[in-house]
Amino acid sequence: MPAEIRKTLLHVETTLIEGGKPAEKPLKMIAAIAVIRNPWAGRGFVEDLSPEIRDCASGLGSLLTGMILDAAGGGDQVEGYGKAGIVGLNGEVEHASALIHTLHFGNHYRNAVGAKSYLSFCNTRGPANAPLMIPLMDKNDGGRRSHYLTIQTAVADAPASDEILIALGASIGGRPHHRIGDRYQDLKELGHDVDNPASI
């Protein structure tokens, strides 16, 4: 059966000033969150997680993607993206991982924003009000450091011990006043081929 969703939340923050200096382009970060009942709760150790993954993951991916797109104004507006899950204290980290580390979940978002890079992620276990950390990276360029960002928030009453908090994150823009360059400059300085980073 589909995920049993207790509630959804939308977190939007806009940074206008950073380091005492107004941002040339304000940074908007968005988190779409669903609090669901852990489908494996109370069942002891479950060997095969795949039936519940197939039942729950796609619907969650579609729902949260829609929330992000509505808040961002469309997939073309999203520049950085990521995902996260927090399982309640009576669950396994594997339970949160099962729902976010599957193409049934992530491909809704990836396809909607036209992404090429992988979805950065965080999966943890914690109590209600545990920090939700969603790492972001550029949706098309994993070496673009301006878009190495983290959305940090929390849900006061979630996850309960038998719940999982599932989230997608997005940024419109990168860090204001970013000035540490991109990964490619380091590769060149270290004598690596930018197209083949393992070479020397």
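The values are calculated or read from the model by the stated rules, or taken from the named source; none is laboratory data. Fair warning: this is a prediction, and the values are worked out from it, not measured in the lab. Quick reminder, even Gly has a Cβ in these numbers, built from the backbone with ideal geometry, and neighbours come from all protein chains shown.
Of the residues that sit in segment 69-115 and are part of a helix (DSSP H, G or I) and polar (S, T, N, Q), which one is surrounded by the fewest Cβ atoms within 10 Å (Cβ to Cβ)?
Filtering segment 69-115 for residues that are part of a helix (DSSP H, G or I) and polar (S, T, N, Q), the one surrounded by the fewest Cβ atoms within 10 Å (Cβ to Cβ) comes out as Asn111.
Which numbered condition trips up Arg175, out of (1) charged (D, E, K, R); (2) in contact with a helix residue (DSSP H, G or I) (Cβ under 8 Å, 6 or more places away or on another chain); (3) under 22 Å from His108 (Cβ atoms)?
(3)
Restricting attention to segment 1-47, report how many residues are part of a loop (DSSP other than H, G, I, E, B) and in contact with a Cys (Cβ under 8 Å, 6 or more places away or on another chain).
3
Determine if segment 117-128 includes at least one residue that is assigned to a helix (DSSP H, G or I), out of contact with any Leu (no Cβ under 8 Å at 6 or more places or on another chain) and either closer than 19 Å to Ala31 by Cβ or not charged (D, E, K, R) (or both).
No: segment 117-128 contains no residue that is assigned to a helix (DSSP H, G or I), out of contact with any Leu (no Cβ under 8 Å at 6 or more places or on another chain) and either closer than 19 Å to Ala31 by Cβ or not charged (D, E, K, R) (or both).
Tell me, yes or no, whether segment 188-196 has at least one residue that is assigned to a strand (DSSP E or B) and either in contact (Cβ under 8 Å) with a residue 12 or more places away in the chain or exposed (fewer than 15 other Cβ atoms within 10 Å of the Cβ) (or both).
Yes.
Among (1) of a type outside the set (Lys, Arg); (2) modelled with pLDDT under 95; (3) crowded, with 17+ Cβ neighbours inside 10 Å, where does Glu163 come up short?
(2)
Under 8 Å by Cβ, and 6 or more places apart or on different chains, what pairs join a residue from segment 87-101 that is under 12 Å from Glu163 (Cα atoms) with one that is assigned to a helix (DSSP H, G or I)?
As it stands, the answer is Val87/Val93; Val87/His95; Val87/Ala96, since those pairs meet every condition given.
Among (1) at pLDDT below 95; (2) surrounded by 15 or more Cβ atoms within 10 Å (Cβ to Cβ); (3) more than 19 Å from Glu18 (Cβ to Cβ), which single condition is Met133 missing?
(1) is the only condition that Met133 fails.
So Glu18 passes all but one of these: (1) acidic (Asp, Glu); (2) surrounded by 15 or more Cβ atoms within 10 Å (Cβ to Cβ); (3) over 17 Å from the mean Cα position of the chain (by Cα). Which condition number does it fail?
Of everything listed in (1) acidic (Asp, Glu); (2) surrounded by 15 or more Cβ atoms within 10 Å (Cβ to Cβ); (3) over 17 Å from the mean Cα position of the chain (by Cα), Glu18 misses just condition (2).
Ser62 versus (1) in contact with an Asp or Glu (Cβ under 7 Å, 6 or more places away or on another chain); (2) closer than 17 Å to Gly106 by Cα: which is the lone unmet condition?
Just one mismatch for Ser62, condition (1).
Please verify whether Ser97 is of a type in the set (Gly, Ala, Ser) and modelled with pLDDT under 95, treating the condition exactly as stated.
no
Let me spell it out: the conditions are (1) surrounded by fewer than 19 Cβ atoms within 10 Å (Cβ to Cβ); (2) more than 16 Å from the chain's Cα centre (by Cα); (3) farther than 15 Å from Ala170 by Cα, and Trp40 meets all of them except one. Which number is the exception?
(1)
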